[in-house]
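> Before anything else, here's the structure in question.
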Ligand SMILES: NC(=O)C1=CN([C@@H]2O[C@H](COP(=O)(O)OP(=O)(O)OC[C@H]3O[C@@H](n4cnc5c(N)ncnc54)[C@H](O)[C@@H]3O)[C@@H](O)[C@H]2O)[C@@H](O)CC1
Ligand SMILES: [K+]
């Protein structure tokens, strides 16, 4: 099963792997033609009803694969208004090949009957697919009624026009007009909304590589951009809790959270290091905790600070010690929000009974310290991480040459990054980045996207600085790394 959003992500990842959408459209059109051949013999009349998006483009490709059939393509709109280059190129190819094609600009002119006035044997509904929003407008609406009024076998491309692929509901409300298809050819994977329809569904493999789903890619960044009309706070407020023996770690996490898009980042750290943290950047809001280590005495204060933030990043530079572990245990026991847990705080997680939504970011040694297992084969490691995430009930991002991300169900691998990133502090950058992303999306996506962009920032830093890469190079490179291209 794949949702519309995830399909768009996988499509973008496929393009980044060298399989662009036009190539997928060719496979989709071929699959539609195969479906036509499955229901009608050569010589049958086939009407392709094409919208001006890529759903229509799929049918324009299908026309070329239907030699021997009496094919007419009906384009709903003028060719100049076709919305994508790849669909337009396929329209041009159809015209150049002299395949019968008509354009319909006025819904009153829709006429699907063949020259003899009979209904076509097959109608391919390629008006709208995953790009539909709201109820069908004209001329699609009248065309849908015309399609439903025939006794042709109706094959829908990807999803019947006017149906939401995620829910199966008509896009314009319960009684709104939509195509009633006999069959659906859907691409790559089954869609959640199709099962409830009264239609035979075929899933066509259109050549999207498995790696486009398995590995993170630019598609994993879709939907994470800031809304253009957002207000301060809408893009996330993050509290970093750390520092004590170390000042750099919480600072790196906080700077990364800011660069990854959080609006406000606060750092709760022992007063001994508060001045040093603040000294790094006037963009940080520092909340000093009495003493030189974070300990059980600070639980209430940190809990009340945490309540005003979307995400807590717990661990950077906390150090280890009985008091620290006790603090983490007590804090997490009462906490019900979302937190990224890193470094010395990790070890406590498996023993804590908490309602919090955690993203744990161990490297492999820390994973073992938590009670998890690791393996050298990436696939075996991925499965072990998935099982351990299910066992602890939290999302895991296990760092390595290939990072493994799992929420106990889904697994994603991340290949960005380079050996130069084994320097100290890159993990703190990752924790802060994931913290910022977890304020705007779910833990699994935040972890996957975070691993991807920090690795990309590291790759850019390595290109500029070679073996001299240091963790402070990374935060400033995050905005560029977060562009989804
Ligand atoms: N990986 C993928 O996602 C692939 C997608 N492909 C095809 O591409 C389709 C999605 O293409 P698009 O994103 O271009 O979207 P559509 O072709 O579904 O819709 C395109 C346009 O229709 C218009 N529209 C939206 N709602 C409308 C309404 N209610 N009434 C009238 N017009 C409306 C909008 O202007 C929108 O831009 C898929 O369904 C599938 O058929 C395939 O070509 C190959 C791979
Ligand atoms: K369709």
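Bear in mind these aren't lab numbers, they're just calculated from the coordinates by the rules spelled out. The model shown is predicted, which means the values in this text are computed figures rather than measured ones. Counting neighbours? That spans all protein chains shown, and the Cβs are built from the backbone with ideal geometry, glycine included.
> When the Kirkwood radius is taken over all Cα pairs of region 50-119, what Stokes-Einstein diffusion coefficient follows at 20 °C and 1.002 mPa s, in µm²/s? Could the numbers behind the result be given before it?
On the way: Rh = 12.4 Å.
D = 173 µm²/s.
> So if I take the centroid of the Cα atoms in region 397-427 and the same for region 125-175, what is the distance between those two points in Å?
Taking the Cα centre of region 125-175 as reference, the centre of region 397-427 is 42 Å away.
> Going by C-beta contacts inside 10 Å, put 67, 22, 399 in order with the fewest on the left. Don't jump to the answer; show the numbers that get you there.
Details: 67 10, 22 17, 399 26.
So the residues, fewest neighbours to most, are 67, 22, 399.
> Have a look at region 424-485 and give its Rg and Dmax from the Cα atoms, expressed in angstrom.
Looking at region 424-485, its Cα Rg and Dmax stand at 11.3, 34 Å.
> Averaging the inverse of every distinct alpha carbon separation and then flipping it gives the Kirkwood radius. What is it for region 4-214, in angstrom units?
Taking the inverse mean of 1/r over all distinct Cα pairs, region 4-214 comes out at 16.8 Å.
> Starting from the Cα of residue 467, step 7 Å toward the Cβ, then list every residue of region 412-442 with an amide N under 15 Å from that point.
Backbone N within reach: 419-423.
> Peptides 277-283, 424-430, 390-396: what's the order by average Cβ count within 10 Å, highest mean first? Walk me through the numbers before you get to the answer.
On the way: 277-283: 15.0, 424-430: 25.1, 390-396: 19.4.
Packing proxy ranking, top to bottom: 424-430, 390-396, 277-283.
> If you don't mind, there's one more thing I want to ask. Taking only Cα atoms, what is the 0 to 90° angle, nearest 10, from helix 85-96's long axis to the longest principal axis of the chain?
20 degrees
> So, one more: What is region 373-476 by shape, rounded, prolate or oblate, if you read a ≥ b ≥ c off the alpha carbon gyration tensor as root eigenvalues and call it rounded for a/c under 1.5, prolate for a/b larger than b/c, and oblate otherwise?
Details: a/c = 2.52, a/b = 1.53, b/c = 1.65.
Oblate, because a/c is 1.5 or more while a/b does not exceed b/c.
> Sticking with this one: With each run of n ≥ 4 DSSP H residues scored as -39500 (n - 2.57), what mean residue ellipticity at 222 nm is computed for the chain after dividing by its residue count and rounding to the nearest 500 deg cm²/dmol? Don't jump to the answer; show the numbers that get you there.
Working: 15 runs with 175 residues, N = 485.
Rounded to the nearest 500, the figure is -11000 deg cm²/dmol.
> Label points 7 Å out from Cα along the Cβ direction at residue 390 and residue 95: separation in nm?
5.5 nm
> If you don't mind, there's one more thing I want to ask. Where does each of 33-43, 436-446 land if you order them by average Cβ count within 10 Å, highest first? Don't skip to the end; give the middle numbers.
On the way: 33-43: 16.2, 436-446: 24.5.
Averaged packing, sorted descending, gives the order 436-446, 33-43.
> Which angle between 0 and 90 degrees, to the nearest 10, do you get for helix 378-392 versus the longest principal axis of the chain when only C-alpha atoms count?
70 degrees
> Binned at 5 Å from 0, what are the whole-percent values of the Cα-Cα distance distribution for region 102-177, short to long?
Here the calculated profile for region 102-177 is 3, 16, 25, 26, 18, 8, 3, 1.
> Quick one: work out Rg over Rh on the C-alpha atoms of region 161-212, Rh as Kirkwood radius. Provide the component values of the computation, followed by the final result.
Details: Rg = 12.3 Å, Rh = 11.9 Å.
My calculation of the ratio gives 1.04.
> Take the Cβ-Cβ distance between residue 200 and residue 151 as r, set R0 to 22 Å, and report the resulting FRET efficiency rounded to the nearest 0.05. Please list the in-between numbers first.
Details: r = 17 Å, r/R0 = 0.78.
E between residue 200 and residue 151, to the nearest 0.05, is 0.80.
> Let me know the Kirkwood hydrodynamic radius for region 241-369, please, with Cα pairs as the basis and the value in Å to one decimal. Write down the numbers at each step before the final one.
Numbers: mean 1/r = 0.0696 Å⁻¹.
Taking every pair of different Cα atoms in region 241-369, averaging 1/r and inverting gives 14.4 Å.
> How large is Rg over Rh for the chain, taking Rg from the Cα atoms and Rh as the Kirkwood inverse mean of 1/r across Cα pairs? Write out the running numbers ahead of the final one.
Values: Rg = 27.1 Å, Rh = 24.7 Å.
With Rg and the Kirkwood Rh in hand, the quotient comes to 1.10.
> What does DSSP give for the chain in terms of the percent of beta bridges that are antiparallel, rounded to the nearest 5? Provide the component values of the computation, followed by the final result.
Working: 8 of 61 bridges.
Taking every DSSP beta bridge within the chain, about 15 percent pair in antiparallel fashion.
> Would you kindly give the portion of the calculated P(r) for region 128-258 that falls above 21 Å, as a percent of all Cα pairs? Write out the running numbers ahead of the final one.
Numbers: 5146 of 8515 pairs.
Of all Cα-Cα distances in region 128-258, 60 percent exceed 21 Å.
> I'd like the distance between the alpha-carbon centres of region 272-324 and region 61-118, rounded to an integer number of Å.
Measuring centre to centre over Cα atoms gives 64 Å.
> Between residue 301 and residue 232, how high is the FRET efficiency from 1/(1 + (r/R0)^6) when r is the Cβ-Cβ distance and R₀ = 35 Å? Nearest 0.05. Please list the in-between numbers first.
Numbers: r = 24 Å, r/R0 = 0.69.
E between residue 301 and residue 232, to the nearest 0.05, is 0.90.
> Rounded, prolate or oblate: which fits region 226-481, taking a ≥ b ≥ c as square roots of the Cα gyration tensor eigenvalues, rounded meaning a/c under 1.5, else prolate when a/b beats b/c?
Numbers: a/c = 1.38, a/b = 1.11, b/c = 1.25.
Taking the square roots of the gyration eigenvalues as a ≥ b ≥ c, region 226-481 is rounded.
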